[in-house]
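Worksheet: one structure, shown below.
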Amino acid sequence: MTTTLITGANKGLGFETARRLVAAGHTVWIGSRDAERGRRAAERLGARFVPLDVTDDASVAAAARIVEAGGGLDVLVNNAGIEGRTAGNGVVGAAEVTAEEMRTLFETNVFGTVRVTHAFLPLLRRSAAPVVVNVSSGLASVTRLTDPADPAYGYPGVAYPASKAAVNMLTVQYAKAFPGMRINAVEPGFTATDLNGRTGTQTVEEGAEVIVRMAQVGRDGPTAGYFDASGPLPW
Ligand SMILES: NC(=O)c1ccc[n+]([C@@H]2O[C@H](COP(=O)([O-])OP(=O)(O)OC[C@H]3O[C@@H](n4cnc5c(N)ncnc54)[C@H](OP(=O)(O)O)[C@@H]3O)[C@@H](O)[C@H]2O)c1
């Protein structure tokens, strides 16, 4: 039996990934910073709930103890993330971005990924087939954001692409350090969720596809890669 933890799984892509992995036979832990939302999501899916705020050391440490007591962990999906839009659903561009804005996004998207991965590493190292999926973004690709022919080129935000580019680098460095694990970054594609005020053009079913696939890679599957649903992406 494969046991999987998904951070930020009370809604959006994390919830849909949880739904699919439960259907595939995984024992799934729904990580949620809000107990009520997390418990409700877990009940709907036949999953387990664990309180988990990726920005809080104590919360993450407590979650690791709960999952360890529950029998350990095989698959970690670092999904919790924020884009940091304005109240009017605007993207914060280069003229407006501040160090504080950067810090907020990095605290969740980057330091959160490190905090959770670090806390769960001892459990993953005890698994026979450990897997980590870091939910990145197509906006992390320096190649794409510097290609005027690419639709991502025109995205004006600074903090979000920078944070996801950092997630890509984390992916590569962790993957090299732990060759026994399969550790990959994925780009779900522009998906209608609360993150972007539901402006995304894909459904969560489409967006979760690559997350679900990379959560199920076998011991001979790829590692240190960056993928969307149709294959490898340029860094
Ligand atoms: N939607 C897209 O187009 C798109 C494209 C590329 C990549 N992504 C990535 O996909 C991932 C999932 O995003 P989504 O689109 O599904 O957005 P979403 O519906 O807003 O879901 C984000 C999830 O992250 C959780 N979260 C935020 N901060 C957290 C924290 N400090 N601790 C724990 N959980 C936290 C949220 O919890 P609350 O409910 O408590 O806020 C929510 O469960 C993110 O990493 C995002 O960057 C999304």
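No lab work stands behind these numbers, since they all come straight from the coordinates. Quick caveat, the model's predicted, so the values are computed rather than measured. When we count neighbours, we look across all protein chains shown, and the Cβ atoms used for this are built from the backbone with ideal geometry, even at glycine.
Can you list the GluC sites (Glu not before Pro) in segment 1-106 that are in a DSSP coil and have 10 or fewer other beta carbons within 10 angstrom?
Numbers: sites: Glu16, Glu36, Glu43, Glu68, Glu83, Glu96, Glu100, Glu101; in loops: Glu83, Glu96.
Counting only loop positions with at most 10 other Cβ atoms within 10 Å, none of the GluC sites (Glu not before Pro) in segment 1-106 qualifies.
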### Query
Amide H of Ala185: which non-local residues (sequence gap of 5 or more, or other chain) have their own amide H closer than 5 Å, using H built in the peptide plane?
Asn134, Gly225, Tyr226, Phe227
### Task
Report the label-to-label distance for Asp220 and Val114 in nanometres (one decimal), using points 7 Å from each Cα along the Cα→Cβ vector.
3.6 nm
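May I ask you to compute the full-extension gain from Arg65 to Glu36, defined as 0.36 nm times their residue separation minus their alpha-carbon distance, rounded to one decimal in nm?
Values: separation 29, 0.36 × 29 = 10.44 nm, distance 2.03 nm.
Full extension from Arg65 to Glu36 adds 8.4 nm.
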### Summary
For segment 34-44, in residue order, the Karplus 3J(HN,Hα) values (coefficients 6.51, -1.76, 1.60; θ = phi - 60°; whole Hz; Gly and Pro = x) are 10, 4, 4, 5, x, 5, 4, 4, 5, 4, 4
### Message
Suppose we flag trypsin sites (Lys or Arg not before Pro) only when DSSP calls them loop and at most 15 other Cβ atoms lie within 10 Å. Which is the longest uninterrupted stretch of the chain?
### Response
1-125
#### Entry: Glu205 versus Met1: modelled label distance in nm, points set 7 Å from Cα along the beta carbon direction
2.9 nm
### Nonlocal amide H pairs with Thr55, under 5 Å, H built at 1.01 Å
none
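If I take R0 = 45 Å and measure r between the Cβ atoms of Val142 and Ala58 in this structure, what FRET efficiency does the formula 1/(1 + (r/R0)^6) give, to the nearest 0.05? Kindly include the intermediate steps, with their values, before the conclusion.
On the way: r = 35 Å, r/R0 = 0.78.
After rounding to 0.05, the efficiency reads 0.80.
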### Task
Determine ³J(HN,Hα), in whole Hz, for all residues of segment 158-169 in sequence, where each value follows from phi through the Karplus function 6.51 cos²θ - 1.76 cosθ + 1.60 and θ = phi - 60°; x replaces Gly and Pro.
10, 5, 5, x, 5, 5, 6, 5, 5, 4, 4, 5
#### Entry: Among Ser32, Ser59, Ser163, residue whose mean-square fluctuation peaks in a GNM of the chain (springs only between Cα atoms under 10 Å)
Ser59
### In degrees, nearest ten, helix 99-109 long axis to first principal axis of the chain (Cα)
30 degrees
### Query
So what is the relative contact order of segment 3-232, in percent, for Cα pairs below 8 Å that sit 6 or more residues apart?
19 percent
#### Entry: Hydrodynamic radius (Kirkwood) for the chain, which is based on Cα pairs only, to one decimal in Å
17.6 Å
